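See below for the structure under consideration.
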Amino acid sequence: QVQLVESGGGLVQAGESLRLSCAASGSIFSINAMGWYRQAPGKQRELVAVIISGASTNYAEAVKGRFTISRDNAKNTVYLQMNSLKPEDTAVYYCNAMVVTTTLLGRRENMYWGQGTQVSVSS
């Protein structure tokens, strides 16, 4: 099994910064894409940023220029540096990873989610 554990959420004021971390553990052969999603109350979950194994990145328009996603492949960890936070960034942030594991039937790629971490930004 694979587990994703997030950390780094909290309550900050507008304009401040937070750094989220997400560590993957378990029977991991490799990790392809890793990303962050968020879900605000009453809204659908949306993509925030994603990073592919080759370090290619993609960001939601709302966070471009303010958020930076990075990963440490040796630690199976993805980070989200969030600067210039706004009240509209308030949401539960979820880590997501496409993980390849080795099973009796061969290698399989599955999507995994973390438990979520709350980010609250006050005005």
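The values are calculated or read from the model by the stated rules, or taken from the named source; none is laboratory data. Bear in mind the structure is a predicted one, so any value in this text is a computation, not a measurement. Using ideal geometry, Cβ is built from the backbone for each residue, glycine included, and neighbour counts are taken over all protein chains shown. Surface accessibility is based on the protein's heavy atoms, side chains included, excluding ligands, DNA and RNA. Shrake-Rupley method; radii C 1.70, N 1.55, O 1.52, S 1.80 Å.
One table, with the values for the structure above:
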quantity	calculated
Apportionment of accessible area to carbon and sulfur, segment 1-75, percent (1.4 Å)	48 percent
Computed label-point distance, nm, for sites Lys86 and Ser53 using a 7 Å Cα→Cβ extension	3.6 nm
Alpha-carbon centroids, segment 1-69 and segment 84-109: separation in whole Å	8 Å
5 angstrom amide H check on Leu85, placed H, neighbours 5+ away	Gly15, Glu16
Cα-centred dipole magnitude for the chain, charges only on beta-carbon of K, R (+1) and D, E (-1), debye, nearest 20	160 debye
Whole-number D in µm² s⁻¹ for segment 1-72, Kirkwood Cα-pair radius fed into Stokes-Einstein, 37 °C, 0.692 mPa s	237 µm²/s
DSSP-defined beta bridges in the chain - what % are antiparallel, rounded to 5	90 percent
Using alpha carbons only: equivalent-ellipsoid semi-axes of the chain, gyration tensor based, whole Å	27, 14, 12
Förster-model FRET efficiency, 25 Å R0, Gln118 and Lys75, C-beta, rounded to 0.05	0.60
Arg19 versus Met111: modelled label distance in nm, points set 7 Å from Cα along the beta carbon direction	2.9 nm
